[in-house]
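The values are calculated or read from the model by the stated rules, or taken from the named source; none is laboratory data. Because the structure is predicted, anything quoted here is derived from the model rather than measured. Here the Cβ is made from the backbone with ideal geometry for all residues, glycine too, and neighbour counts use every protein chain on show.
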Amino acid sequence: MIRKKYFFVYLIAVVICLLAIAIGINNKAYKAVAPPIYDPIGYYAKSHSVWDSINKRKALEVFTTIPSRPPGTALILYPFGFVPSIQSFLFRSTFAPVCIWALALMVIILPNIRNLKDMLVGTALTAGLLALPIFYHFEFPIDPKRSFSISIQWGLVDVLQASMAALALGLLYTGVKKNLNSLVVLAWVVGAYTLFIKPSGILVLGSLFPIYFTEGMILWRQAAPPKKRFLIRHLALFGVGIGITVASIWLAFSSGYLSKEVIETAKIGQKVLIQISNQSLWTQMDVLWKPVIGHWWIPVIAVTLLISIGSLMSSLFRLGISDLGLRFVSSLLVFSSALYWWMTMAGQEHRYLFPFIMLIMSWLIVPTLFEWMISLGSRVRYMAIAYCLVPLICIITLLNIQQGKVSSGIERFFGFNLDTGQYSGEVKIGRSLLQEALKSDRQITIYSIGNFRVGAVEMIDWVNSIENPLEPHHFNTYRVNDWIHPGIKMKQLLSCDYFIIEKSYLDQVPSAQKDAKRWQDEESFLVNFIKSFTQQNNFAIRLIQDGPVSLYKVQNREKYVAACNDWVANHKWSDDFWGRNSYDRGDFEMPGLKVINPKVVDDLLSKTTSVLPVIDFGHKLTLLALLRNTNNYSVKSSGDLITFLFRADQEIPIKYAIFIHLMDKDKKVIFQHDFQIDPDGGIISQGTLWKSVVQIPENELSQTFFIGFGAYIPSKEEAFLQSNYKQSDWNGNRVILPLK
């Protein structure tokens, strides 16, 4: 009965601590102005899509909608349904890991509470560890002096995965020690769930097996006969773990979550990340510990590690190995393996290591620290209890007061980043661009140069489309690094309506630049071009707003395109630049619309022959010619080039498009290509002449007997423009061209 009383007091104390932390995080979250940026917005969108699929009773869509983001986060952050509020998302994404970490600590500590002394130590240790700085990184600081040089902010799920890994470990550790089969099985399930938070969960699962084996060895040495029953029991539990692991891996890889396409994209992205973040291990570790463990806890953890090493060395001296020494060696092997993966394959993002840090914290540090504090004398133990409570008191206080010089200094010391309410100017720019897109009734194309400041502008459209599901995206955003094939693509650049550039990028660009030998150099080249070209005052690009984020608008597209072409011609680029911008054809003219004058059309038709006569489409536009493989450049890739020459007989609205059907001998469509008549999204005035180039790959061409095409307005009704060409079907809506 007395022990149950201590259990109850311990649980009440932890709940009170969690409530105090929740109130503070909620206060901070509802001061936020900016939406979650980059990866976090993906998890916000995924939460919406998961619950939308559940409500529609379409289970498969849970995996296939936004497949690059796993569905597991949504069910933890929104267990009862999606709430369309960025402030709610920021609160949930920050507080949920703290709650799960508290549960992990309780699973580890609660079974060891036997008396008042244990209860006081356990409560202080649990409460203090709830204030680990890993959980308290909110908006990325706009003041570089406050930055920890680590890419962690609220809304990221790495901390959530880390807490789940700690919970899996706690269940496994306690289940083995207390001979509770149900906890061990639950540990395998929780470990498997980390795979559906991030793909690295497969490594978390892999780490649980050597940990289980180590705990089994420790228990084997302590267990009384019969050993046979012990062996059968643990082999069965080990088999259950393997079964759950295999089932979860099968589900992940057979679904859209870890499909072949998603894996290939991720592998390319990791290679790009490695190029960016390739630093020495010492530099990386130096940055890592302060915002993850914090100055306050590093001495305590150092003490526990010394105790572990001392136990190991002492036991080896006696020609044996202690339980604590065995845990230390296994922990070292697990973390070293994770570190090797991180250095060679993961791209050295600090947050990727969080699950493995929390595994070691919950397995080696917490039990060792608890036992050590229990063994201390009364006076020293009470000092240790007070020491544990200091970070908790600080985090609760800091969460509920206004930031100032003193409080900021305390934040920095403990490793917290509690910045919020920033990026209001960037949000204002994003909303003005959204209004511009709504006003023009079309997507606007934005080229983004910078990091978190420009990200706050971009994400306004994401939030709008999530919180207003009937509205499509209104921003079409490009940047130099797209995580698939980084570098400038001229097709994207020439289609831009706006540029958003962080001031720091404008200030850093030198006036004279060397050759662009790497794709990373191209960003500074581009910034310098925009900056210098705007200063020429020829009205091609105009500065709309100056500030931390500068907004530029393409004012005169003809002058802008000409300037871009001159700029490309007058610089030396890497070979990769030409590969990205030639489509393996050797030319720098992108497929898509290019307005031309009548003389160019006459010259082109005088040298080549159209494979089709002049075709009228509903007295709105006329196909003057269709040319095949007639470009003046060396064709390096196999396939076929089709060039359409069009004339606008009336003003052409922005939503018109051309469809191209590649058909087999029975006129069954086997491939389709659609392109907007004006990829820049502008109205085409009457009398405009243009050409659009489309490349048909060889693998598609080899199976094609007919090419069909036509003009239409993409909509629910798909309004087609009827042609006057006799060789057509669909009541004249699709022109047929025999290919073989």
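Hey, among 156, 75, which residue is of a type outside the set (S, T, N, Q), closer than 20 Å to residue 294 by Cβ and either in contact (Cβ under 8 Å) with a residue 60 or more places away in the chain or assigned by TED's automatic domain parsing to the domain that holds residue 37 (or both)?
Working: 75 fails: closer than 20 Å to residue 294 by Cβ.
156 is the lone residue from the list that is of a type outside the set (S, T, N, Q), closer than 20 Å to residue 294 by Cβ and either in contact (Cβ under 8 Å) with a residue 60 or more places away in the chain or assigned by TED's automatic domain parsing to the domain that holds residue 37 (or both).
Please note which helices (runs of 4 or more DSSP H) are completely contained in region 1-113 and include at least 2 residues that are of a type in the set (Phe, Trp, Tyr) and over 22 Å from residue 397 (Cα atoms).
Those helices (runs of 4 or more DSSP H) span 2-29, 39-55.
Select from region 388-406 the residues that are buried (at least 16 other Cβ atoms within 10 Å of the Cβ) and not β-branched (Val, Ile, Thr) and list them in ascending order.
Residues of region 388-406 buried (at least 16 other Cβ atoms within 10 Å of the Cβ): 388-389, 391-392, 394-396, 398-399.
Those that are buried (at least 16 other Cβ atoms within 10 Å of the Cβ) and not β-branched (Val, Ile, Thr): 388, 389, 391, 392, 394, 398, 399.
Given the conditions (1) at pLDDT below 95; (2) surrounded by 22 or more Cβ atoms within 10 Å (Cβ to Cβ); (3) small (Gly, Ala, Ser), and given that residue 192 satisfies all but one, which numbered condition is not satisfied?
Status for residue 192: all satisfied but (1).
For residues in region 701-740 being of a type in the set (Lys, Arg) and surrounded by fewer than 19 Cβ atoms within 10 Å (Cβ to Cβ), which is modelled with the highest pLDDT?
726
Looking only at region 337-357, decide whether some residue is more than 30 Å from residue 269 (Cα to Cα), under 37 Å from the mean Cα position of the chain (by Cα) and among the small types (Gly, Ala, Ser).
Filtering region 337-357 down to residues more than 30 Å from residue 269 (Cα to Cα) leaves none.
No, the conditions are met nowhere in region 337-357.
Filter region 454-494 for residues that are crowded, with 22+ Cβ neighbours inside 10 Å and hydroxyl-bearing (Ser, Thr, Tyr) and give the result.
Result: 477, single match.
Given the criterion at pLDDT 80 or above and among the aliphatic types (A, V, I, L, M), identify the matching residue among 249, 268, 276.
That would be 249, the only listed residue that is at pLDDT 80 or above and among the aliphatic types (A, V, I, L, M).
Would it be correct to say that residue 46 is out of contact with any strand residue (DSSP E or B) (no Cβ under 8 Å at 6 or more places or on another chain), of a type in the set (D, E, K, R) and surrounded by 18 or more Cβ atoms within 10 Å (Cβ to Cβ)?
It is true that residue 46 is out of contact with any strand residue (DSSP E or B) (no Cβ under 8 Å at 6 or more places or on another chain), of a type in the set (D, E, K, R) and surrounded by 18 or more Cβ atoms within 10 Å (Cβ to Cβ).
Can you name the condition, by its number, that residue 149 falls short on among (1) at positive phi; (2) touching a strand residue (DSSP E or B) at 6+ places or on another chain (Cβ under 9 Å)?
Of the numbered conditions (1) at positive phi; (2) touching a strand residue (DSSP E or B) at 6+ places or on another chain (Cβ under 9 Å), the odd one out for residue 149 is (2).
Only one of (1) farther than 19 Å from residue 84 by Cβ; (2) touching a helix residue (DSSP H, G or I) at 6+ places or on another chain (Cβ under 8 Å); (3) modelled with pLDDT of 95 or more is not met by residue 59, so which one is it?
(3)
Matching residues to (1) basic (Lys, Arg); (2) surrounded by fewer than 13 Cβ atoms within 10 Å (Cβ to Cβ); (3) at pLDDT 90 or above; (4) not in a helix (DSSP H, G or I):
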position: 209; (1), (2), (3), (4): no, no, yes, no
position: 214; (1), (2), (3), (4): no, no, yes, no
position: 220; (1), (2), (3), (4): no, yes, no, no
position: 225; (1), (2), (3), (4): no, yes, no, yes
position: 237; (1), (2), (3), (4): no, no, yes, no
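The rows are residues; the columns are (1) more than 24 Å from the chain's Cα centre (by Cα); (2) modelled with pLDDT under 80; (3) under 20 Å from residue 443 (Cβ atoms).
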| position | (1), (2), (3) |
| --- | --- |
| 494 | yes, no, yes |
| 525 | yes, no, no |
| 538 | yes, yes, no |
| 544 | yes, no, yes |
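Report whether or not residue 180 is touching a helix residue (DSSP H, G or I) at 6+ places or on another chain (Cβ under 9 Å), closer than 28 Å to residue 63 by Cβ, free of Cβ contacts under 8 Å to residues at least 60 places away in the same chain and not aromatic (Phe, Trp, Tyr). Full working, then the answer.
Values: touching a helix residue (DSSP H, G or I) at 6+ places or on another chain (Cβ under 9 Å): yes; closer than 28 Å to residue 63 by Cβ: no; free of Cβ contacts under 8 Å to residues at least 60 places away in the same chain: yes; not aromatic (Phe, Trp, Tyr): yes.
Against the criterion (touching a helix residue (DSSP H, G or I) at 6+ places or on another chain (Cβ under 9 Å), closer than 28 Å to residue 63 by Cβ, free of Cβ contacts under 8 Å to residues at least 60 places away in the same chain and not aromatic (Phe, Trp, Tyr)), residue 180 does not qualify.
Can you go through 89, 80 and tell me which one is out of contact with any helix residue (DSSP H, G or I) (no Cβ under 8 Å at 6 or more places or on another chain) and either without any contact (Cβ under 8 Å) to a residue 60 or more places away in the chain or closer than 24 Å to residue 458 by Cα (or both)?
80
Applying the selection to region 69-90, what residues are surrounded by 20 or more Cβ atoms within 10 Å (Cβ to Cβ) and more than 22 Å from residue 136 (Cα to Cα)?
If the condition is that a residue be surrounded by 20 or more Cβ atoms within 10 Å (Cβ to Cβ) and more than 22 Å from residue 136 (Cα to Cα), then 69, 70, 71, 82 are the ones that fit.
Here are 561, 554: which of them is modelled with pLDDT of 75 or more, in contact with a strand residue (DSSP E or B) (Cβ under 8 Å, 6 or more places away or on another chain), closer than 17 Å to residue 492 by Cβ and of a type outside the set (Lys, Arg)?
554
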